[in-house]
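Working notes for the structure below.
The values are calculated or read from the model by the stated rules, or taken from the named source; none is laboratory data. All figures in this text were calculated on a predicted structure; none of them were measured in a lab. Note that each Cβ is placed from the backbone with ideal geometry, even for glycine, and that neighbours are counted across all protein chains shown.
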């Protein structure tokens, strides 16, 4: 199988590249000058460096190398990718065809461009299933009753927010929303939320309704927990099965040392904590 990797920044594209190779596939990868982790080049059988916004050249490169499946992994600076001065004709058509310029809408439109050329877009975790967040309490500390309440309320608000394709993360305390993620990203939203909400904030990150798992999953890791600890947050809820948890053991160990509860959230987990429900949420693996 020939896998085409669209590599963004940070560690994820390198991890995906290794996962593709470990499964015995041929790896054709492309990165963007100044935006991608160029370490992917050393792992690819075929590599090409492009300028951000050259969607037509990217698709042609993959077609020329007989790519069968496409994977997108890593961060990209969205304000720059939406700058029309950097877009080729194919990318311009994608942007202007979409009235909604949210992440899920734009990434979904890009995925459809690949699929229109006979290249199926597949989720990155297909090559790294161990990164998916497990269900249940993941650390030593369980959320308090008040924190469970914030998780349940925050889950509903985050899902409603996600339906508008705004963001995946919010910060709240005692039922009051302190910050909603927008263009600035999760880390900045958590910092701002903790500054506004004060000690005891709860952070929630969920999969947006209608979001395509093939092109974008919410993710957390040690940096998320570190920023929460600096802001004196007390609980992190991440959607189980539909989010990525990088360096989970390290992140949970840091959370334990910082007194932060970590939960892989689902409707079932929250229902088990509802008033009047017997039993409780089992610990994660």
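Restrict the check to region 267-281 and report whether at least one residue is closer than 25 Å to residue 174 by Cβ, part of a loop (DSSP other than H, G, I, E, B), under 15 Å from the mean Cα position of the chain (by Cα) and modelled with pLDDT under 95.
Looking only at region 267-281, we keep the residues that are closer than 25 Å to residue 174 by Cβ, and these are 267-277, 280-281.
Still in the list and also part of a loop (DSSP other than H, G, I, E, B): 273-277, 280-281.
Now narrow it down to the ones that are under 15 Å from the mean Cα position of the chain (by Cα): none.
So far as region 267-281 goes, no, none of its residues is closer than 25 Å to residue 174 by Cβ, part of a loop (DSSP other than H, G, I, E, B), under 15 Å from the mean Cα position of the chain (by Cα) and modelled with pLDDT under 95.
Would you pick out the residues in region 181-212 that are part of a helix (DSSP H, G or I) and surrounded by 17 or more Cβ atoms within 10 Å (Cβ to Cβ)?
Quick first cut of region 181-212, residues part of a helix (DSSP H, G or I) only: 186-197.
Passing the criteria: 186, 189, 190, 191, 192, 193, 194, 197.
Of all the residues that make up region 5-27, how many are touching a residue at least 24 places away in the same chain (Cβ under 8 Å) and not in a helix (DSSP H, G or I)?
Residues meeting the conditions: 11.
With respect to the numbered conditions (1) in a loop (DSSP other than H, G, I, E, B); (2) in contact with a strand residue (DSSP E or B) (Cβ under 9 Å, 6 or more places away or on another chain); (3) buried (at least 18 other Cβ atoms within 10 Å of the Cβ), which one is the sole condition not fulfilled by residue 178?
(1)
Out of the residues in region 245-259 meeting the condition of being surrounded by fewer than 23 Cβ atoms within 10 Å (Cβ to Cβ) and not in a helix (DSSP H, G or I), tell me which one is nearest to the chain's Cα centre (by Cα).
246
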